Amino acid sequence: MRRNAWKLGAWVLWIAFAPSGAQAQQFAWPKDAPGDDASISRSIPELARKVLSAYHDDDRDKDLANRFRLQLVAGDDRGAIASIRELRALRAPRDGRSAATEYLQYEVYADAKDRQAKERLAFDEAFRRSFRALVGALDDIAAQQVLTAFSGDLKHNEDALRTALDQSKGKDAIALADALALVKAYQVRQAYADFQADAAKLVDEDDARRYAIEKNVLVDTPDGAHIAAMIVRPRSAPAKQTTLLEWTIYANDDWAFFDARAAAAHGYVGVVAYSRGKGASPDAIEPYVRDGADAAATIDWIAKQDWSDGRVGMYSGSYNAFAQWAAAKHHPAALKAIATSASAAPGIDVPME
């Protein structure tokens, strides 16, 4: 009796933990792994179709996250769109607003591929139409969350695909996990290679439609120096708005635009100003010495602009947080709030602890 019970228990455990279906399968693969683009473009879509016909994961989130990539590579563009949308709906209670635009770059791509086939368009034109339709329908907050997803590192994507291919060399069959990794690497490489050049222009077009953007604006200080600033204003907002100012010594126009646009997307005027001597400023760089007075002068300048409602808030961390305290010390009338984090403190934690 005891022995039979042990056998029954062991059988139940085997059933519970043994891999099932596609999880336990091996998928045929050419032993000489494809190396040129033409053979890769044949072999991996064929692999995706084989996996897709057998694939299932009881974890619905994981199932959909893999399924849409398999569908994209297999050529089932409408199926991929449906899977992406179902995945978003599944994640919405957990991820909130961010779930609404997750994988939108791939939805636009799939819609463009479908449009290309149905309307007999060149891919570039199909992608432009799909981008304008899907991204154009988003509000400013959702758009600013997703637009960076349309740019990627093409070399990194290519390297990831080559690494996945190298791991399959010498095998005439590969396991599910390896097949999924290979399909994903191919799907990401192929999508960005197809759309990234056009996407960059379309992102600029979308930004120009939503925002008034001024770069390399020079603000004069009382002692004759010049502060370089970037200004992003939402076109749909009231004529006069509150300004969010980020004062930074970390002069990087891409970072600055991302932060200023995020402020503008939320209904503020977004201004990023660089410390004296940084960016387009022709003056000598003097870290810590001039930031308080220069930031206060910039705040006074902002308050006088016809788009300002006379209120300025400052935010950000590290050196940028130090600059807020330094500006507050000068009591500029328009400065109504600061939001600091991890403030740098000269002589305490920099240049050394």
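Determine, from the Cβ-Cβ distance of His330 and Asp254 and an R0 of 25 Å, the FRET efficiency 1/(1 + (r/R0)^6), rounded to the nearest 0.05.
Numbers: r = 30 Å, r/R0 = 1.19.
Taking R0 as 25 Å, the efficiency between His330 and Asp254 is 0.25.
HN-Hα J couplings of region 120-134 from phi, Karplus 6.51/-1.76/1.60, θ = phi - 60°, integer Hz, Gly and Pro as x?
Once rounded to whole Hz, the list reads 6, 10, 5, 4, 4, 5, 4, 5, 4, 5, 5, 4, 5, 6, 7.
Only bridges with both residues in the chain count here: give the DSSP antiparallel percent, nearest 5.
Working: 15 of 32 bridges.
Of those bridges, close to 45 percent are antiparallel.
Compute, for region 244-353, the length of the dipole vector about the Cα centre, with Cβ point charges of +1 (Lys, Arg) and -1 (Asp, Glu) only. Units Debye, rounded to 20.
So the magnitude is around 260 debye.
Enter the Cα centre distance for the pair region 123-196 and region 263-337, rounded to the nearest angstrom.
Cα centres, region 123-196 to region 263-337: 39 Å.
With label points built 7 Å along Cα→Cβ from the Cα atoms of Ala122 and Leu90, find their separation and express it in nm.
Placing both labels 7 Å beyond Cα along the Cβ direction yields 3.8 nm.
Grab the other residues whose beta carbon is less than 12 angstrom from that of Val183, score K and R as +1, D and E as -1, and report the net.
Working: positive: Arg49, Lys50, Arg67, Arg69, Lys184, Arg189; negative: Glu46, Asp178.
Local charge sum for Val183: +4.
Which loop-located trypsin sites (Lys or Arg not before Pro) does region 117-188 contain, where loop means any DSSP state but H, G, I, E or B and the Cβ has at most 13 other Cβ atoms within 10 Å? Spell out each step's value before the answer.
Details: sites: Lys118, Arg120, Arg128, Arg129, Arg132, Lys155, Arg162, Lys169, Lys171, Lys184; in loops: Arg120, Lys169, Lys171.
The qualifying sites are Arg120, Lys169.
Dipole size in debye (nearest 20) for region 65-210 around its Cα centre, Lys and Arg Cβ +1, Asp and Glu Cβ -1? Can you show the working numbers first?
Numbers: 24 positive and 25 negative charges, 69 e Å.
Magnitude of the dipole: close to 320 debye.
Pick out, from Ala296, Ala237, Pro282, the residue whose Cα sits farthest towards the positive end of the charge dipole of region 180-309, with +1 on the Cβ of Lys and Arg and -1 on the Cβ of Asp and Glu.
Ala237
If I stretch the segment between Arg209 and Ala137 completely, what's the gain in nm (0.36 nm per residue apart, minus their alpha carbon distance), one decimal?
Extra length from Arg209 to Ala137 when fully extended: 24.7 nm.
Take the Cβ-Cβ distance between Ile285 and Arg97 as r, set R0 to 45 Å, and report the resulting FRET efficiency rounded to the nearest 0.05.
Details: r = 39 Å, r/R0 = 0.87.
Approximately 0.70, to the nearest 0.05.
Quick check for me: using +1 on Lys/Arg Cβ and -1 on Asp/Glu Cβ, what's the dipole size of the chain about its Cα centre, in debye to the nearest 20? Don't skip to the end; give the middle numbers.
Working: 45 positive and 50 negative charges, 292 e Å.
That gives a dipole near 1400 debye.
At 0.36 nm per residue, minus the direct Cα-Cα distance, what do Asp349 and Ala175 gain on full extension? Give it in nm, one decimal, please. Could you put the intermediate results ahead of the total?
On the way: separation 174, 0.36 × 174 = 62.64 nm, distance 5.12 nm.
Computed gain between Asp349 and Ala175 is 57.5 nm.
Could you give me the ³J(HN,Hα) list for region 92-102, computed from phi with Karplus coefficients 6.51, -1.76, 1.60 and θ = phi - 60°, whole Hz, x at Gly and Pro?
Once θ is set to phi - 60°, the couplings for region 92-102 become 4, x, 8, 9, x, 4, 5, 5, 5, 10, 4 Hz.
Of Gly292, Gly279, Gly170, which is the most mobile in a GNM of the chain whose springs link Cα atoms less than 10 angstrom apart?
Taking springs between Cα atoms under 10 Å, the residue moving most is Gly170.
Along the charge dipole of the chain, Cβ charges K/R +1 and D/E -1, which of Gly79, Leu154, Tyr319 sits furthest on the positive end?
It is Gly79, whose Cα lies furthest towards the positive end.
As an exercise, identify the trypsin sites (Lys or Arg not before Pro) in region 265-320 lying in DSSP coil whose Cβ has no more than 13 other Cβ atoms within 10 Å. Numbers along the way, then the final one.
Numbers: sites: Arg276, Lys278, Arg290, Lys304, Arg311; in loops: Arg276, Lys278, Arg290, Lys304.
Answer by residue number: Lys304.
Throughout, read-outs are computed from the coordinates displayed, never taken from laboratory work. As the structure is a prediction and not an experimental result, all values here were calculated from the model. With ideal geometry, Cβ positions are generated from the backbone for all residues, glycine too; neighbour counts draw on all protein chains shown.
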